[in-house]
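What follows is a set of notes on a single structure, which appears directly below.
The values are calculated or read from the model by the stated rules, or taken from the named source; none is laboratory data. Keep in mind it's a predicted model, so treat the numbers as computed, not measured. Neighbour counts run over all protein chains shown; Cβ positions are idealised from the backbone, glycine included.
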Amino acid sequence: MIYSKLPDIGTTIFTLMSHLANKHNAINLSQGFPDFSCSEELIALVNKYMKKGCNQYAPMQGVMALREIIAQKTEELYSLKYNPESEITVTAGGTQALYTAICSIVNEKDEVIVFEPAYDSYIPAIKLNGGKPVFIQLKPPYFRINWDEVQKAVNARTRMIIINSPHNPTGSIFTAHDMEKLLKITAGTNIVILSDEVYEHILFDGYEHQSIARFPKLAEKSFIVSSFGKVFHTTGWKIGYCLAPESFMKEFRKIHQFIVFAVNTPLQYAIAEFLKDKENYIHLNKFYQKKRDYFISLLKGSKFKIRPSQGTYFQLLDYSKISDEKDTVFAERMTKEHGVASIPVSIFYHEKIDNKILRFCFAKSDETLEKAVEKIHDL
């Protein structure tokens, strides 16, 4: 007999909705991946390093050339120096980095504050390491953090606070005021911050990303996780990285080496070279804002309530004027009967709170968005 460590966890909603989309030949705006190709130059660089013979194990910590350019990029953007030797590790995507950071810090009965709706990997990672998630709800339509609730939730057992900005699934962002509140609450404590910043380059309407790295006192007690898959439209390559103070990174690497040991070698070299040209990532916000704006413009005249996303490549749509069905039921029916797949936001809450909101991914070609919205207008 097998005693499950995650008895309440099944197949992720992303897998289920993508399967449903394939089965019913629906347009898949559920799972967060682009349907357009990455840079031909980047592909050529991968081929270059494969032919050059960079096909064996990379260093466990990551190729030094990549760690050095990550350090340079971080300092230029956020004015904080990270030592590429001891404070940066290349990971097999953002999710692996998140799990490894949680595993390195959270012990039996430690409490971890999580803001819901929350990306679905946080809770299983906490539970697998014996921790207890403490939930604080972000409420529509703005999904802002009530810092008074956070202060009340903090106690002697609080070991970690997980933040995510830009936020998946809501598209909300942290402000400098939020970061100051976080600093005030954690000052003088042993609380570690895990900052999920995989959408750091995708903010809209002139907003600047408030990375933990902008706040040295917070950075001293934080892991920062980012992802090249989101930046270069290469989610299938599964390459990300983690930044942390040396003492944190030492523990991170102890675990990292036994989860993946090392990450794809030629891809690391290719990305390191590609990052040297800032033009390859600095305008990503404009690229995706154009897609967000186009998606919203196409939706004009529909019955959905729309509050434009502030970041990420996800847009929430409130369908309360269309149906009173549960969001899981409505999302499934929309996929089967109208040919467009989305993600019901209730699945991002542990109590499955239903606000009649669906999440749509607009990291798609204009043609895909046009076809999807044409079907949506049939609702």
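Tabulated results
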{"item": "Top-ranked residue in the stretch 1-36 [being touching a helix residue (DSSP H, G or I) at 6+ places or on another chain (Cβ under 7 Å) and among the small types (G, A, S); ranked as nearest to G130 (Cα to Cα)]", "result": "S30"}
{"item": "Selection count where residues are of a type in the set (K, R) and either surrounded by 14 or more Cβ atoms within 10 Å (Cβ to Cβ) or in a loop (DSSP other than H, G, I, E, B) (or both), scope the stretch 1-27", "result": "1"}
{"item": "Neighbours by Cβ (under 7 Å, 6+ apart or cross-chain): first from the stretch 49-75, in the same structural domain as E85 (by TED's automatic domain parsing) and more than 23 Å from S86 (Cβ to Cβ); second buried (at least 20 other Cβ atoms within 10 Å of the Cβ) and not charged (D, E, K, R)", "result": "Y49/P266; Y49/Y269; Y49/A270; M50/P266; C54/P266; C54/Y269; N55/P266"}
{"item": "Subset of the stretch 342-368 that is within 13 Å of L317 (Cβ to Cβ), of a type in the set (A, V, I, L, M, F, W, C) and not in a loop (DSSP other than H, G, I, E, B) - its residue that is farthest from the chain's Cα centre (by Cα)", "result": "I357"}
{"item": "Of all residues in the stretch 137-174 being closer than 20 Å to I123 by Cβ and hydroxyl-bearing (S, T, Y), the one that is nearest to the chain's Cα centre (by Cα)", "result": "S165"}
{"item": "Qualifying positions in the stretch 170-199 - charged (D, E, K, R) and either assigned to a helix (DSSP H, G or I) or in contact (Cβ under 8 Å) with a residue 60 or more places away in the chain (or both)", "result": "D178, E180, K181, K184, D196"}
{"item": "Residue in the stretch 49-56 that is within 23 Å of the chain's Cα centre (by Cα) and either at pLDDT below 95 or on the phi < 0 side of the Ramachandran plot (or both) present", "result": "no"}
{"item": "Within the stretch 57-99, considering residues that are assigned to a helix (DSSP H, G or I) and of a type in the set (V, I, T), the one farthest from P245 (Cα to Cα)", "result": "T95"}
{"item": "Residue satisfying condition, being modelled with pLDDT of 95 or more, more than 30 Å from Q61 (Cα to Cα) and in a loop (DSSP other than H, G, I, E, B), within set S309, S297", "result": "S309"}
{"item": "Scope the stretch 175-194; condition more than 21 Å from the chain's Cα centre (by Cα) and not β-branched (V, I, T); matching residues", "result": "H177, E180, K181, L183, K184, A187, G188, N190"}
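Yes/no matrix, rows are residues, columns are (1) surrounded by fewer than 23 Cβ atoms within 10 Å (Cβ to Cβ); (2) more than 29 Å from D318 (Cα to Cα); (3) at pLDDT 95 or above:
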residue	(1), (2), (3)
D110	yes, yes, yes
F135	yes, no, yes
T186	yes, yes, yes
E200	no, no, yes
